[in-house]
1. Within the set of pairs 6 or more residues apart or between chains, which connect a residue that is without any contact (Cβ under 8 Å) to a residue 60 or more places away in the chain inside region 82-101 to a residue that is among the polar types (S, T, N, Q) and open to solvent by less than 90 Å² (accessible area, probe 1.4 Å) with Cβ atoms less than 6 Å apart?
2. Can you pull out the residues in region 95-150 that are among the hydroxyl-bearing types (Ser, Thr, Tyr) and either under 12 Å from the mean Cα position of the chain (by Cα) or at pLDDT 70 or above (or both)?
3. Of 91, 61, which residue is under 10 Å from the mean Cα position of the chain (by Cα), β-branched (Val, Ile, Thr) and either open to solvent by less than 30 Å² (accessible area, probe 1.4 Å) or modelled with pLDDT of 90 or more (or both)?
4. Among the numbered criteria (1) at pLDDT below 90; (2) in a loop (DSSP other than H, G, I, E, B), which one does residue 44 miss?
5. Tally the residues that are hydroxyl-bearing (Ser, Thr, Tyr) and part of a loop (DSSP other than H, G, I, E, B), restricting the search to region 56-112.
6. I'm told residue 35 meets every condition in (1) under 18 Å from residue 122 (Cβ atoms); (2) in contact with a Phe, Trp or Tyr (Cβ under 7 Å, 6 or more places away or on another chain) except one. Can you identify the failing condition by its number?
7. Filter region 46-70 down to residues that are in contact with a helix residue (DSSP H, G or I) (Cβ under 7 Å, 6 or more places away or on another chain), of a type outside the set (A, V, I, L, M) and under 21 Å from residue 129 (Cβ atoms), then give me how many there are.
8. What pairs come up if the first residue lies in region 111-133 and is closer than 14 Å to residue 52 by Cβ and touching a residue at least 60 places away in the same chain (Cβ under 8 Å), the second is crowded, with 17+ Cβ neighbours inside 10 Å and of a type outside the set (A, V, I, L, M), and their beta carbons are under 7 Å apart, counting only those six or more places apart or on different chains?
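The values are calculated or read from the model by the stated rules, or taken from the named source; none is laboratory data. Note that the structure is predicted; figures quoted are calculated from it, not measured. Heads up, the Cβs are rebuilt from the backbone with ideal geometry, glycines too, and the neighbour counts pull from every protein chain shown. SASA here: full protein model, heavy atoms, side chains in, ligands and nucleic acids out. Shrake-Rupley method; radii C 1.70, N 1.55, O 1.52, S 1.80 Å.
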Amino acid sequence: KAPPCAYRHAPSESPDTPQMTSVKGKNRSIYRWFDTQLKKGGFEPLPHQNANDLRDGVKLIQLMSVLAGEPVPKYAKKCEQRFKKIDNVGIALNMCRKHNVDVSLVHNDHVVDANEKMVFGLLWMIFKTFGLNRKIYTFDSTSEGKRAGG
């Protein structure tokens, strides 16, 4: 029998058990932090605050641009085709690697396919690197990156 985890519950339990609620709360907190960083950079927040919002890679690129204090690189702004989404996510993951975010377990397909568990893991690693360990840069999407407070 598989051990219980936060994403599974016994048929007799409600999906809103304290264990599930705490996982949902952590997800919500990470997405709120993500939105705060996007707003600091002058970008629109996530509409639904879930993995589907990140499927095209655009918001991930914008987030990494804000956190790293770098201009937004060239990317496909509106992409319907899967290969363009994969390219965008690849740009975001490369930005993560450049700034020492451990993305070794995350693949482009995980984000494009909206794998909630892997996307949450990616966001957690970004938060762990930038939110806890480093100064965050403010970035105005119309100007050059500036260090927070200066």
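1. Hits for this filter: 86/108; 89/108; 90/108; 101/129.
2. 104, 129
3. Within the list 91, 61, the selection yields 61.
4. That leaves (1) as the condition not met.
5. Number of matching residues: 2.
6. (2)
7. Number satisfying all stated conditions: 5.
8. Qualifying pairs under 7 Å: 111/55; 111/57; 114/55; 119/110; 120/27; 123/34.
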